[in-house]
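Data first, discussion second: the structure below is written as structure tokens.
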Amino acid sequence: MISLKKTVRNEKIISLALAGVLMFTTLSTGLLTSCKKSDAKKVKPADYGSYGSDLARKIAADFPERKPYSDGEKGAGEAIKEEMIKLKYEPEVQTFTTKNGTSQNYVVKIPGTGFITEEENGKLGNVKRIAVIGTHYDNLPPTDKKVAAKTIPTNPVKNGQTAETTALEYSYDGISDNASGTACLLTAMKAFKDYPAFSYDVYFVAFGAGNDDYAGAREFYNSLTEDEKKRIDVMYCMESLYAGDKVYASAGFKSLNLENKYKMRRKLYQAYDVCFANTLYTNYGFDLYYNESGIKADLDGDKKDDIYNEVSTNKSDYIVFDEAGIPVVFFDSYEYNFNSLDEMKETKNLNLQNYGGKVRRTHDDSTKFLDTILVEPDYDRNGDGEIDCSGDRLQIRINAVAFIVVEALLKGSDYGMTQAQYEEHLEELKKQAAKASIAAENGETTKPTVKKPSATTEEETEETTSESTSTTTKAPTKAPTKKATKKPTKKPTKKPTTKAKKK
């Protein structure tokens, strides 16, 4: 099958589409227009309220220990299933057994409308592609001894006075790893309902036993048919969104191969494009970062040094898909502004240093503890005198990442145009045909100049505004209109509309 990206550069599709305008007009009225975003969709992006953060806290509270194959993991899985049913989905329960026990995946497969492409015989056809959105819901409770409860000053100290202190109460429940990622998955599923249709077949999956070598993800991938495996364009994965200083998006280790770099990172750039085109910073103070540390190290175990850019050494369920050569986009919170791999940790927050800045799989991964430190009062962000923005970091991050994932699905595929993009293309062809008809009546000759549809060409740069040591960067809001075969070296002429936060 031929990619429509190449097809639109060929005059043959113009002649095919011109000849078929009348035939497709009726079809487009029903099928194609149904793929545009609903007019009733909220204007403010990612405005999902506290649904996701409430859900994350409930999962953590009800099932604090969700070790793979445990009763706690099973209970959390059943709760996830019930939530999917409340959202009007019919989840498939995929039970699997390893040498360590039995667990479950919860799978929802939603068929899409497909992508318009040109087949080998030259006729326009429809091709089905798949996007997987998944995360694990189990956790791995710490085995080390819990440190003494930390105390923080509650009043300013002046003239040698003794500060009053309050002990922070905490107990491990895995709110960050990975109740936050689980809630983000369900928030994306809830947001998904607001869109009339998608071109992608979308598979939502809550993986069991993620902390046992990604057993649930492996079981799910192996359960797919060979045809399904070949049709997967991308896998989105979310983990530990709460405790880290910044939220990053990363590609998989397969993208370290220079021959495959752009192909394997294209979906990553689309995610950044969505973030900065939708005022998430303006509305919520949410930024999405690249890891651009530039450190040279053997990251993928091939005994060759790689450049530590746009990948994460934090592994999760995406590893299974990356190993299969499928592009991945991995969201997690961390801190990459260090000069060496050994120094890197989740947070520099001085109140989160009980374990040297590490939170995952420590006793600091506690709702009571993290909420005390990280949740701020709601505030008036736009200065109009009304409280309009949450100070709940967990809520903001879950909503923003869920929004980015769902909106990125609209960016289309390398294999063809979305239905909405094709409808736009048909409208342009009809305009050209009308102009040609008028010109013919006047005895003039014209050549069609059809505007090329922007299937996936707006996110193709990673030139960014650097952090103090060029270790962490944000993506631009402006991107080239021509496909780049490698990273451009020239910075955008237009400054990003999103201001960088002070680090």
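The values are calculated or read from the model by the stated rules, or taken from the named source; none is laboratory data. These figures come from a predicted structure and were not determined experimentally. Because the Cβ atoms are built from the backbone with ideal geometry, glycine has one as well, and the counts that use them run over all protein chains shown.
A few comments on the model shown:
- Only one of Gly356, Gly294 that is in a strand (DSSP E or B) and surrounded by fewer than 23 Cβ atoms within 10 Å (Cβ to Cβ): Gly294
- So Gln395, is it of a type in the set (S, T, N, Q), in contact (Cβ under 8 Å) with a residue 12 or more places away in the chain and closer than 30 Å to Leu241 by Cβ: yes
- Criterion (within 30 Å of Thr279 (Cα to Cα), in a helix (DSSP H, G or I), of a type in the set (Gly, Ala, Ser) and at pLDDT below 95) met by exactly one of Ser34, Ser53: Ser34
- Single condition Glu11 does not satisfy, out of (1) at pLDDT 95 or above; (2) out of contact with any helix residue (DSSP H, G or I) (no Cβ under 8 Å at 6 or more places or on another chain); (3) of a type in the set (Asp, Glu): (1)
- Of residues in segment 300-339 being more than 19 Å from the chain's Cα centre (by Cα), among the charged types (D, E, K, R) and over 25 Å from Ala217 (Cα atoms), the one surrounded by the most Cβ atoms within 10 Å (Cβ to Cβ): Asp306
- Among residues of segment 303-314, those that are in contact (Cβ under 8 Å) with a residue 24 or more places away in the chain and either in a loop (DSSP other than H, G, I, E, B) or more than 17 Å from Ser293 (Cβ to Cβ) (or both), counted: 4
- Per-region count, segment 394-431, residues of a type in the set (Ser, Thr, Tyr), closer than 29 Å to Tyr48 by Cα and at pLDDT below 90: 1
- Meets criteria (farther than 14 Å from Gly134 by Cα, touching a residue at least 60 places away in the same chain (Cβ under 8 Å) and surrounded by 24 or more Cβ atoms within 10 Å (Cβ to Cβ)) for Gly210: no
- Those helices (runs of 4 or more DSSP H) lying entirely in segment 151-249 with at least 2 residues more than 18 Å from Glu92 (Cα to Cα), of a type in the set (D, E, K, R) and modelled with pLDDT under 95: none
- Residue match in segment 79-89 (condition: outside any helix (DSSP H, G or I), at pLDDT 95 or above, of a type in the set (Lys, Arg) and more than 22 Å from Ser366 (Cβ to Cβ)): yes
- Leading residue by the ranking (farthest from Asp332 (Cα to Cα)) among those in segment 215-235 that are in contact with a Lys or Arg (Cβ under 8 Å, 6 or more places away or on another chain) and not β-branched (Val, Ile, Thr): Arg231
- When Asn351 is tested against the conditions (1) under 16 Å from Ile396 (Cα atoms); (2) not in a loop (DSSP other than H, G, I, E, B), the lone failure is (1).
- Within segment 60-78, the residues that satisfy the criterion of being closer than 18 Å to His363 by Cβ, part of a helix (DSSP H, G or I) and in contact (Cβ under 8 Å) with a residue 60 or more places away in the chain are Ala60, Ala61.
- All conditions in (1) loosely packed, with under 14 Cβ neighbours inside 10 Å; (2) outside any helix (DSSP H, G or I) hold for Phe286, with the sole exception of (1).
- Inside segment 360-389, residues that are surrounded by 12 or more Cβ atoms within 10 Å (Cβ to Cβ), part of a loop (DSSP other than H, G, I, E, B) and among the polar types (S, T, N, Q) make up a count of 2.
- Only a single criterion out of (1) surrounded by 20 or more Cβ atoms within 10 Å (Cβ to Cβ); (2) more than 23 Å from Arg361 (Cβ to Cβ) is not satisfied by Ala217, namely (2).
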